[in-house]
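A quick write-up on the structure given underneath.
The values are calculated or read from the model by the stated rules, or taken from the named source; none is laboratory data. This is a predicted model, so every value here is computed, not measured. Quick reminder, even Gly has a Cβ in these numbers, built from the backbone with ideal geometry, and neighbours come from all protein chains shown.
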Amino acid sequence: MVPFGLVIGVLADAKGLSFTETVLMSALVYAGAAQLLALELWTDPAPVMAAIVAAGVVNLRMAPQGAALAGWLDRLRGWKLWGTLATLVDHSFALSVQEQRRGGRDAGYLLGVGLGLWASWVPTTAIGWLAGSLVKLPPGHPLYFASVAAFISILVGLWRGPRVDLAPWVVAGLVALAAHRAGLPVPLPLLAGTLAGAALGAWIELRGKARLAADERERG
């Protein structure tokens, strides 16, 4: 997560954002993929609506993430629910899913992890901005791979084996690749792959639960 934040800060400086603007963006938006996409689209004059729409589309992947954590979130109401959802990012989602699988039932885990990540995300992007103003990284520098590496690292903890996860992950990748090859603009390929993989994963999980229920009825 730290290298990803540094990249956001470096890109923000390269795009002409001030230190204050960079810090406020990270503190209020707190969505690395959306921030990265918005910065990639940033020009002069700034395409504000295009950046907002693109960031909104890429953040739609949070919908299936929230659904996966419904067992926790359904117990919350009002500001507790919305406050917890405000801290939901890919890394806090991945850690929370692992906690759920270990039998955890407290949504406070999601909130605590999200706030902890936020507390490191904001200063990290600030440091990236300061570093970017001092050192100009050439195109293709390994640090720019940090965002990809951050998302790959998330997958390691979520992998449950080929029987459960291989098909949804492959489908997600193939659909995203096909959408990209079809010429769909960023971030639609990412969204298409996310929704396709999530839908297949949900179907496989529901089918597994139905089989377990049927087996229990037969034994009963």
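Determine, yes or no, whether Thr124 is assigned by TED's automatic domain parsing to the domain that holds Asp13, in a helix (DSSP H, G or I), more than 14 Å from the chain's Cα centre (by Cα) and closer than 30 Å to Leu206 by Cβ.
Here the answer is no, as Thr124 does not meet what is asked.
From the list Ala176, Ala150, Ala182, which residue is farther than 17 Å from Gly201 by Cβ, in contact with a Pro (Cβ under 9 Å, 6 or more places away or on another chain) and outside the structural domain of Leu41 (by TED's automatic domain parsing)? If you could, list the steps in order and put the result at the bottom.
Details: Ala176 fails: farther than 17 Å from Gly201 by Cβ; Ala150 fails: outside the structural domain of Leu41 (by TED's automatic domain parsing).
Just one listed residue meets the conditions, Ala182.
When you look at Ala38, is it under 21 Å from Leu85 (Cβ atoms), at pLDDT 80 or above and within 12 Å of the chain's Cα centre (by Cα), yes or no? Spell out the reasoning first.
Details: under 21 Å from Leu85 (Cβ atoms): yes; at pLDDT 80 or above: yes; within 12 Å of the chain's Cα centre (by Cα): no.
The answer is no for Ala38.
If I go through region 59-105 residue by residue, how many of them are surrounded by 13 or more Cβ atoms within 10 Å (Cβ to Cβ), without any contact (Cβ under 8 Å) to a residue 40 or more places away in the chain and of a type in the set (D, E, K, R)?
Qualifying residue count, region 59-105: 2.
Surrounded by 18 or more Cβ atoms within 10 Å (Cβ to Cβ), under 23 Å from the mean Cα position of the chain (by Cα) and in a helix (DSSP H, G or I) - does that describe any residue in region 203-215? Show your work before the answer.
Of all residues in region 203-215, those surrounded by 18 or more Cβ atoms within 10 Å (Cβ to Cβ) come to none.
So far as region 203-215 goes, no, none of its residues is surrounded by 18 or more Cβ atoms within 10 Å (Cβ to Cβ), under 23 Å from the mean Cα position of the chain (by Cα) and in a helix (DSSP H, G or I).
Test Ser133 against the stated conditions and say whether it is of a type in the set (S, T, N, Q), at pLDDT below 80 and farther than 24 Å from Met62 by Cβ. First the steps, then the outcome.
On the way: of a type in the set (S, T, N, Q): yes; at pLDDT below 80: yes; farther than 24 Å from Met62 by Cβ: yes.
Taking the combined requirement at face value, the residue satisfies it.
Has region 18-34 got at least one residue that is within 19 Å of Ala131 (Cβ to Cβ), surrounded by fewer than 18 Cβ atoms within 10 Å (Cβ to Cβ) and in contact (Cβ under 8 Å) with a residue 24 or more places away in the chain?
Initial filter on region 18-34 (within 19 Å of Ala131 (Cβ to Cβ)): 18-27, 32.
Going one step further and asking which of them are surrounded by fewer than 18 Cβ atoms within 10 Å (Cβ to Cβ), we end up with 18-21, 24, 27.
Next cut, in contact (Cβ under 8 Å) with a residue 24 or more places away in the chain only: 19, 27.
Scanning region 18-34 turns up at least one residue that is within 19 Å of Ala131 (Cβ to Cβ), surrounded by fewer than 18 Cβ atoms within 10 Å (Cβ to Cβ) and in contact (Cβ under 8 Å) with a residue 24 or more places away in the chain.
Would you check if Ala149 is under 17 Å from the mean Cα position of the chain (by Cα), without any contact (Cβ under 8 Å) to a residue 40 or more places away in the chain and under 24 Å from Ala54 (Cα atoms)?
Spelling it out, it is not the case that Ala149 is under 17 Å from the mean Cα position of the chain (by Cα), without any contact (Cβ under 8 Å) to a residue 40 or more places away in the chain and under 24 Å from Ala54 (Cα atoms).
From the list Leu11, Leu24, pick out the single residue that is aliphatic (A, V, I, L, M) and modelled with pLDDT under 90.
Step by step, each of Leu11, Leu24 is checked, and only Leu11 is aliphatic (A, V, I, L, M) and modelled with pLDDT under 90.
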